[in-house]
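Working notes for the structure below.
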């Protein structure tokens, strides 16, 4: 007599999210893109969010919020939840989680992919000053301008707190906490932004230098075009490298192709 078959285990993909690309990937997998239904039946998709934003945009599928407790905690989670593939679709500057993901994936023997949108490329009329870090950006500012549009996020403001002679317009999703520059105005907003709006922002606040990270996001790119039109120099913090040995793609569609190739 043949024993009854047990339940078929659903393939499980964990997305380390928080970006537009992560949400698009989760939505595509949840909507059963062509080719997935036959080759990955019953696909289970979980997106993990760091929890640093008070009201995050939630992706499709299952969602978990909060850290894992370092690479060992993430490796344990991968094993405990039978994850078959890990996709790091975090922000290009979320360096710690990316290196934790690489170590955890190696420990748990789970295939790992990094989904990274392309970085920005300066045009012939741009005046960019590339730097390797926020401290280098802070050191460059006094020679470039006095009124700074700072768009590097709220978590790195302490790096600029000593620049008491400069005035800062800081844009972030959530309100920053001290320490931060003493002469500062906060603008709570999130993209996408428009070229017209960014041009008006630079004009109304008499901005003479812009600081940004090379996030590569289309939603926030209009500030670069506005700076170009206004002749405002841009200090660009270059993104950290992806951990060695990790495969990298630039679009959610390429990430789906990678999943199918597994």
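Just so you know, all these numbers are worked out from the coordinates, no wet-lab data involved. Computed from a predicted model, the values in this text were never measured in an experiment. For neighbour counting, all protein chains shown are included, and Cβ atoms are generated from backbone atoms with ideal geometry for every residue, glycine included.
Under the classification rounded if a/c is under 1.5, otherwise prolate if a/b is larger than b/c and oblate if not, where does region 220-262 fall, given a ≥ b ≥ c as square roots of the Cα gyration tensor eigenvalues?
Oblate shape, in that a/c is at least 1.5 and b/c is the bigger or equal ratio.
Hey, what did region 54-139 get for relative contact order, percent, Cα under 8 Å, at least 6 apart?
Working: 55 pairs, mean separation 23.6, N = 86.
For region 54-139, the relative contact order is 27 percent.
Once a ≥ b ≥ c are taken as the square roots of the eigenvalues of the Cα gyration tensor of region 126-262, is the result rounded (a/c under 1.5), prolate (a/b larger than b/c) or oblate (a/b not larger than b/c)?
Here region 126-262 falls in the prolate category.
Stretched out fully, how many nm does the piece from residue 125 to residue 205 gain, at 0.36 nm a residue minus the Cα gap?
26.6 nm
Any chance you could get the radius of gyration and Dmax over the Cα atoms of the chain, in Å?
Taking only Cα atoms of the chain, I get Rg and Dmax of 21.0, 84 Å.
Please tell me the relative contact order of region 128-237 in percent, rounded to the nearest whole number, where contacts are Cα pairs under 8 Å and at least six residues apart.
Relative contact order comes out at 33 percent.
Enter the angle in degrees (range 0 to 90, nearest 10) between the Cα long axis of helix 252-261 and the first principal axis of the Cα atoms of the chain, meaning the one along which they spread out most.
30 degrees
Determine the calculated [θ] at 222 nm for the chain from helices alone, applying -39500 (n - 2.57) to every DSSP H run no shorter than 4 residues and normalising by the residue count; nearest 500 deg cm²/dmol.
Rounded to the nearest 500, the figure is -8500 deg cm²/dmol.
Only Cα pairs under 8 Å and at least 6 apart count here; give the relative contact order of the chain as a rounded whole percent.
Once normalised by length, the contact order is 20 percent.
Hey, can you rank 150-157, 105-112 by average C-beta count inside 10 Å, highest first? Provide the component values of the computation, followed by the final result.
On the way: 150-157: 20.4, 105-112: 17.2.
Sorting 150-157, 105-112 by mean packing, highest first, produces 150-157, 105-112.
Could you please state, rounded to a whole Å, how far the C-alpha centre of region 44-118 is from the C-alpha centre of region 128-197?
First find each Cα centre; the distance between them is then 28 Å.
With axes computed from alpha carbons, what is the tilt in degrees of helix 70-80 against the longest principal axis of the chain, rounded to the nearest 10 within 0 to 90?
Once rounded, one gets 30 degrees.
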